[in-house]
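What follows is a single structure, written as structure tokens, with notes after it.
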Amino acid sequence: MTHPSSGEAVAKPSPGGLGRVLDQRVLLSIAVLALLPWLLPSKALAVNVLIYGVVVMGYNLLFGYTGLLSFGQAAFFGAGAYFTGIAIGRYGVPWFAAVPAAVLLSTCLAAAIGLVSTRTRGIYFSMVTLALAQLVYYVALQAASFTGGENGLRGFTVDRISLLGFQVNFLDPVNKYYVLMAFAALAMWFQSRILNSPFGAVIEAIRENEQRARACGYDVERSKLVVFMLSGAISSLGGCMLALHLSIVPLDILHYQTSGMIVMMVLLGGARSFFGPFVGAASFLILEDVISLWTPHWQIFVGAIFVLFVLFLPRGIWGTLLDAMGSGKARR
Amino acid sequence: MDLSLIIMQLLSGVALGAVLVITALGLTIVFGMLGVVNFAHGALFMVGAYAGLYLASLTGSFWWGLLLAPVLIGAFGMLIELVLIRRLYGRSIDDPLLLTFGLSYILVEGVRIVFGSDGIPFPTPPQLIGVVDLGIGFFPRYRLFVIVLVAVVLLALWLTLEKTRVGLIVRAGARDPTIMQVLGVDIGRVWLAIFGLGVGLAALGGVLAGPMRSVNPEMGSLVLAEAFVVTVIGGLGSIVGAVVAGLMVGISISMVALFAPEMATIVMFALMAVVLLIRPQGLFGVRGRTA
């Protein structure tokens, strides 16, 4: 059975124009995020939107831009959180060293999983990433002396963030939000740079037509591995943010349900758009909040809404909005 | 550690593998025909276990549950194909996968609403309680029954596919659906039947697994990962591959559990990684299709 390519050819604006749009999209996204705590009903919800937004944004690099549907992104989200927690709690590493170390270690994990999974294509890739991420879950479950096993990782608390003489009380929800927003801004800048680079064009070429990209002389396998690692690195930063925020790491973070949630978020918001992941994370979490107020079985509604999105709105909320505004090609 | 213990453990592995084979077979047949990987397969396995349990308590007999649950859930699977998956043919290969993933959320939560979140014990049928003396040791009667039943189902499937006209249409349809349509075969009906069969096999796996592991709404998530590992090792779309890999995984889990219990859940993933590094298309997979 042959399936036609899902996306239409991408029209490239002139480099100058593209560059301007890209610079704007980071600043615009930061501006919206800065207002978020005052728009949403609770600060806790805003922090979660920020964290999941970063995780989903990293995932979007893999799924939206490269067209690789992974069902194992939870491994890197979880790895970032666990490595941060273990570094701070067990080895007494200060936060500003623990976070980069955690991202680095998670990227190594992404390299290992990527080496096996990027050798496969299509549906195989989805199945293999799911299985390997479940492997990480079971390893974390078994290595209870390091990870706390089923009870999750506890025993580390970050109550103040200090850097270069400045000190911020991290227990205050507003401070916490803006400190974590600085992480998110860094991740957005990084992602925008990747998409703006020649490498960003290569991964989109792989999505549109893998064989043609190979014929053009690009090393498709290596590009996939690199994008898998970059995507894992960005998502793991979200994990670091979660560890700093919660001061515990629940084991469920590694479960494939979390990977599935990440997939749902990117589709709700709009894959292949820069701000879509934040829209997706916000809509998913608000939906969860609202529905769980009147029934504990919110997942049945989330599942149904997701099915309807796949059937009728595959470009997601933000993607459809951009298409309607006729600016879909700028991919803001 | 004596030899008979090892042989008994090996047989346990075969029983465990037999359930894996049936479950993975449903997944692999549907992929081979429709090019769809059903992410709700694990959830349907779980729904099958609950259906078997419910029907057994309704009729008072395990055997009615074993017979009716796969048929009813298979029919439900046909409804899913007809109403939802059919709309997605011709779209990106990711779309059916995403849709069935959403569906698994609905099924798991639906079962939680009806039967509650806690596990329910699945009683072994009275005729199959106890052990059989195999000469070298005692083996649970129920597990022996599972091995025999799976062997019978496999034989029936093989005969249908290889020796009947329906089997011929199915095999030809997997090779080239367009030509089949040109020849006047309603390929849509074949796909409908195959999807129903795949889901029915998942449900059968669920009922068979019931008395061996606890029945709870989350049981499908581990099963899905296991079925994926088996189909990836065997080669997606390959029936022989599913049988060989299913037994291989079952035996590995059970042997490792004997020597290093904490590694038992991990070993199958390691096995998959090794196979992928050596043969990305799986042991019996055809290169070029998926890998």
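Please report, ordered by residue number, every helix of chain A (full DSSP H runs) that is 18 Å or longer along its axis going by C-alpha atoms and whose mean Kyte-Doolittle hydropathy reaches 0.0.
Taking the DSSP H segments of chain A (at least 18 Å long, mean hydropathy at least 0.0), we get A:15-39, A:43-60, A:74-91, A:95-117, A:122-142, A:173-196, A:220-246, A:256-269, A:276-294, A:298-312.
Please pull out the direction-averaged projected area of the stretch B:1-129, using the convex hull of its alpha-carbon atoms, in nm² to one decimal place. It would help to have the intermediate numbers written out before the result.
Numbers: hull surface 42.4 nm².
Spelled out: convex hull of the Cα atoms, projected over all directions, averaged, 10.6 nm².
In square nanometres, what is one fourth of the surface area of the convex hull spanned by the alpha carbons of the stretch A:174-332? Could the numbers behind the result be given before it?
Working: hull surface 45.9 nm².
It is 11.5 nm².
Against the longest alpha carbon principal axis of chain B, how many degrees, from 0 to 90 and to the nearest 10, is the axis of helix B:141-163 turned?
20 degrees
Rank the residues B:106, A:30, A:253 as a footprinting-exposure proxy: fewest other Cβ atoms within 10 Å of their Cβ go first. Mind showing how you got there, number by number?
On the way: B:106 19, A:30 15, A:253 25.
Going from least to most buried by this count: A:30, B:106, A:253.
Can you compute the equivalent ellipsoid semi-axes for chain B, i.e. the square root of 5 times each eigenvalue of the Cα gyration tensor, sorted largest first and rounded to whole Å?
Numbers: eigenvalues 182, 106, 70 Å².
Semi-axes, largest first: 30, 23, 19 Å.
Determine one quarter of the surface area of the Cα convex hull of the stretch B:21-73, which equals its mean projected area, and express it in nm² to one decimal. Mind showing how you got there, number by number?
Numbers: hull surface 14.8 nm².
Approximately 3.7 nm², given one-decimal rounding.
Percent of alpha carbon pairs in the stretch B:116-201 separated by more than 17 Å? Spell out each step's value before the answer.
Numbers: 2421 of 3655 pairs.
Every Cα pair in the stretch B:116-201 considered, those over 17 Å come to 66 percent.
Once you keep just the Cα pairs under 8 angstrom separated by 6 or more residues, what percentage relative contact order results for chain A? Don't jump to the answer; show the numbers that get you there.
Details: 510 pairs, mean separation 103.7, N = 332.
Relative CO of chain A lands at 31 percent.
Helix B:239-259 sits at what angle to the longest principal axis of chain B, using alpha carbons and giving 0 to 90 degrees rounded to 10?
Approximately 30 degrees, to the nearest ten.
Set the Förster radius R0 to 56 Å, insert the Cβ-Cβ distance between residue B:240 and residue A:175 as r into 1/(1 + (r/R0)^6), and round the FRET efficiency to 0.05.
Details: r = 61 Å, r/R0 = 1.09.
After rounding to 0.05, the efficiency reads 0.35.
Give me Rg over Rh for the protein assembly as shown, both radii from the alpha carbons and Rh done the Kirkwood way, two decimal places. Intermediate values should be presented prior to the final figure.
Values: Rg = 24.9 Å, Rh = 25.4 Å.
Ratio value, two decimals: 0.98.
Enumerate the amide H contacts of residue B:215 below 5 Å, restricted to partners 5 or more residues apart or on another chain; note that Pro and chain-start residues carry no placed amide H.
Under 5 Å from the amide H of residue B:215: B:120, B:122.
Suppose the chain between residue B:171 and residue B:183 were pulled fully straight at 0.36 nm per residue; how much longer would it get relative to their current alpha carbon spacing? Let's see the in-between values first.
Values: separation 12, 0.36 × 12 = 4.32 nm, distance 1.42 nm.
Result for the pair: 2.9 nm of gain on full extension.
Output the 0 to 90 degree angle, nearest 10, between the alpha-carbon long axis of helix B:94-115 and the longest principal axis computed from the alpha carbons of chain B.
50 degrees
Please list the radius of gyration and Dmax for the stretch A:79-205, considering alpha-carbon atoms only, with Å as the unit.
In order Rg, Dmax, the Cα atoms of the stretch A:79-205 give 17.8, 51 Å.
Could you work out the relative contact order of chain B, using alpha carbon pairs under 8 angstrom and six or more residues apart, expressed as a whole percent? Present the calculation step by step, with values, prior to reporting the outcome.
Numbers: 439 pairs, mean separation 108.4, N = 291.
Once divided by the residue count of chain B, the mean separation gives 37 percent.
Averaging sequence separations of C-alpha pairs under 8 Å and six or more residues apart, then dividing by the length of the stretch B:190-291, give the relative contact order as a whole percent.
After rounding, I find 26 percent.
In whole Å, what is the distance between the alpha-carbon centres of the stretch A:127-201 and the stretch B:1-66?
Comparing the Cα centres of the stretch A:127-201 and the stretch B:1-66, I get a distance of 38 Å.
Once you have a ≥ b ≥ c as the square roots of the Cα gyration tensor eigenvalues for the stretch A:15-330, tell me rounded if a/c is under 1.5, and otherwise prolate or oblate according to whether a/b is larger than b/c. Before the final figure, lay out the partial values.
Details: a/c = 1.35, a/b = 1.22, b/c = 1.11.
It is rounded, given that a/c, with a ≥ b ≥ c, falls under 1.5.
Any read-out appearing in this document is the output of simple, stated calculations on the displayed coordinates, not a laboratory observation. This structure is a prediction, so every number in the text was calculated from the model and none was measured. FYI the Cβ positions are ideal-geometry reconstructions off the backbone, even for glycines, and counts take in every protein chain you see.
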